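Report on the structure given below.
The values are calculated or read from the model by the stated rules, or taken from the named source; none is laboratory data. Note that the structure is predicted; figures quoted are calculated from it, not measured. Backbone-built Cβ (ideal geometry, glycine too); neighbour counts: all protein chains shown. These accessible areas exclude ligands, DNA and RNA; they are computed on the full protein's heavy atoms, side chains included. Shrake-Rupley method; radii C 1.70, N 1.55, O 1.52, S 1.80 Å.
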Amino acid sequence: MHLLKNCHLSRALAIGLISLASTLSFMGSVNAEEVNVYSARKEALIKPLLDKFAAETGIEVNLVTGTADALISRLNSEGKYSPADILITTDVGRLVRAKEQDLTQAVDSSVLAEAIPATLRDDDGHWFSLTMRARPIMYAPERVDVANLSSMEALTDADWKGRICIRSSSNIYNQSMVAAMLQQKGHAETLDWAKKFVKNFARPPKGGDRDQIKAVVSGQCDIAIANTYYLAGMLDSADTAEQKIASQVNVFWPNQGDRGAHINVSGAAVTKSAPNRGNAVKLLEYMVRKEAQAWYAETNHEYPVLDGVEWSETLTQFGTFKAEDIPLHRVGELNAEAVKIMDKAGWK
């Protein structure tokens with residue numbers, strides 16, 4: 001990086017060198033069976049599963065990890081010369097974005113179609129969910145009477161003024177949550193909800209989901225909206241202080257009498273430029289097998305998409321729930337409108 005800076009190379013040339021480095025790093029023997037993966041999941045949360053696939057099939061897996069948005073930008077920059085075969089990323093908003101930017105291609109697989117519910121995969125076969133992630137209400141039981149909790153819509157009541165913590169509007173998890181409401185409730189009702197919801201914030205949004213959970217425990221707010229895998233990760237953390245914090249928060253599943261709690265996904269897509277398309281499809285099909293789903297869901301503290309796979313012990317402690325049953329591709333497609341609603345509501 002110092003060399004690039006000191007030589008004042010253009011951004012285009014720098015991107016070219018990065019792409020070339022990526023291509024060279026993926027090059028093995030000419031006849032080697034391989035598949036190249038760009039993953040927004042951290043190496044520890046995906047590599048053991050990829051290693052099992054490689055051992056079973058003889059197909060070498062080359063892994064590059066990075067932030068979700070950075071990997072999509074990288075695919076865009078590399079274009080048709082990208083060595084990537086598969087993009088693994090989080091949130092349907094990003095999966096839809098990758099498709100809309102013409103970075104993915106359709107896959108027709110009976111294995112994937114049978115394993116993954118239709119609402120959790122792209123109608124055209126461009127992306128497929130690997131796990132589900134839930135975004136319920138988390139609360140301090142000593143300050144919140146659970147009998148007063150019911151739905152996300154009810155969090156606009158005056159009783160909750162100054163008591164809610166949540167991430168900023170730039171966070172795609174929140175954007176997708178609003179987009180899901182938009183899909184089910186319409187523009188006018190969602191905008192009205194967002195305006196009233198923002199007025200009940202305990203503080204200007206900041207930090208990640210773990211920070212919202214910590215804010216509840218510290219007394220900055222009484223409830224938080226966060227993904228369950230963050231709380232599960234804290235409960236299973238090697239850090240005893242983090243465990244203690246997480247143990248002081250309870251989970252409440254909203255909207256159980258109507259539309260269900262909001263869910264999103266982590267998922268994968270075969271890239272448009274995939275040089276090893278066949279092996280990419282084999283890897284996707286491997287990842288929805290029962291044993292792979294069990295490991296992946298347990299390790300990432302998320303819910304499996306394949307029926308019949310048990311939840312992790314930690315997730316089971318949060319209880320069963322009714323989830324939204326909506327085509328997730330619409331959540332991604334409504335992202336831009338959801339962001340506009342959040343801006344109009346003053347959601348910083």
Original post:
Of the cross-linked pairs 196/244; 99/282; 99/185, which ones have a Cα-Cα span greater than 22 Å in the structure shown?
Top reply: 196/244; 99/185
Original post:
When the chain is fully extended, how far beyond the present Cα-Cα distance does residue 203 get from residue 189, taking 0.36 nm per residue of separation?
Top reply: 2.6 nm
Subject >> Cα-based equivalent ellipsoid of the chain: semi-axis lengths in Å, sorted from largest, via gyration tensor >> reply: 36, 23, 20
Subject >> Under-5 Å amide H pairs with residue 127, H placed in peptide plane, nonlocal only >> reply: 122
Original post:
Between their Cα atoms, which of 322/344; 42/195; 47/272 are more than 32 Å away from each other?
Top reply: 42/195
**OP:** Give me the net charge of residue 255's neighbourhood, meaning all other residues with Cβ under 9 Å from the Cβ of residue 255; Lys, Arg count +1, Asp, Glu -1.
**Re:** -1
**OP:** Determine ³J(HN,Hα), in whole Hz, for all residues of the range 312-325 in sequence, where each value follows from phi through the Karplus function 6.51 cos²θ - 1.76 cosθ + 1.60 and θ = phi - 60°; x replaces Gly and Pro.
**Re:** 5, 4, 5, 5, 4, 5, 6, x, 7, 7, 8, 9, 3, 10
Original post:
Between the range 190-260 and the range 287-346, how many Å separate their Cα centres?
Top reply: 16 Å
**OP:** Return the distance in nm (one decimal) between the two label points of a simple spin-label model at residue 258 and residue 168, each offset 7 Å from Cα along Cα→Cβ.
**Re:** 3.1 nm
Original post:
Between residue 240 and residue 70, what length comes free when the chain is fully extended (0.36 nm per residue of separation minus the Cα-Cα distance, one decimal in nm)?
Top reply: 58.0 nm
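Which percentage, to the nearest 5, of the DSSP beta bridges contained in the range 28-182 is antiparallel? Before the final figure, lay out the partial values.
On the way: 1 of 10 bridges.
DSSP beta bridges in the range 28-182 are roughly 10 percent antiparallel.
Please state, to two decimals, what the Cα-based radius of gyration of the range 237-348 comes to when divided by 2.2 N^0.38 Å (N = residues). Intermediate results must be reported in sequence, preceding the final value.
Numbers: Rg = 18.1 Å, N = 112, 2.2 N^0.38 = 13.2 Å.
Cα-based Rg divided by the globular estimate yields 1.37.
Given a Förster radius of 51 Å and the C-beta distance between residue 154 and residue 32 as r, what FRET efficiency does 1/(1 + (r/R0)^6) yield to the nearest 0.05?
Values: r = 57 Å, r/R0 = 1.12.
For residue 154 and residue 32, the calculated efficiency is 0.35.
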Subject >> Relative contact order, percent, the chain [alpha-carbon distance under 8 Å, six or more residues apart] >> reply: 27 percent
**OP:** Please report, to two decimal places, log10 I(q)/I(0) for the range 230-300 at q = 0.18, 0.21 Å⁻¹ as given by the Debye formula with identical point scatterers on the Cα atoms and no solvent.
**Re:** -0.92, -0.99
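Keeping all protein chains in place, calculate the accessible area per residue for the range 81-208 (probe 1.4 angstrom), answer in Å².
Details: 4870 Å² over 128 residues.
About 38 Å² of surface per residue is accessible.
Before rounding to the nearest 500, sum -39500 (n - 2.57) across all DSSP H runs of length at least 4 in the chain and divide by the residue total; then give [θ] at 222 nm in deg cm²/dmol. Please report the intermediate quantities before stating the final value.
Values: 16 runs with 154 residues, N = 348.
Value at 222 nm, helices only, nearest 500: -13000 deg cm²/dmol.
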Original post:
Residue farthest toward the positive end of the dipole of the chain, with Cβ of Lys/Arg at +1 and Asp/Glu at -1: which of 341, 249, 67?
Top reply: 341
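By the scheme Lys and Arg +1, Asp and Glu -1, what is the net charge of all other residues having a beta-carbon under 14 Å from that of residue 306? Please report the intermediate quantities before stating the final value.
Numbers: positive: 121, 289, 290; negative: 114, 285, 291, 298, 302, 307, 310.
Net charge around residue 306: -4.
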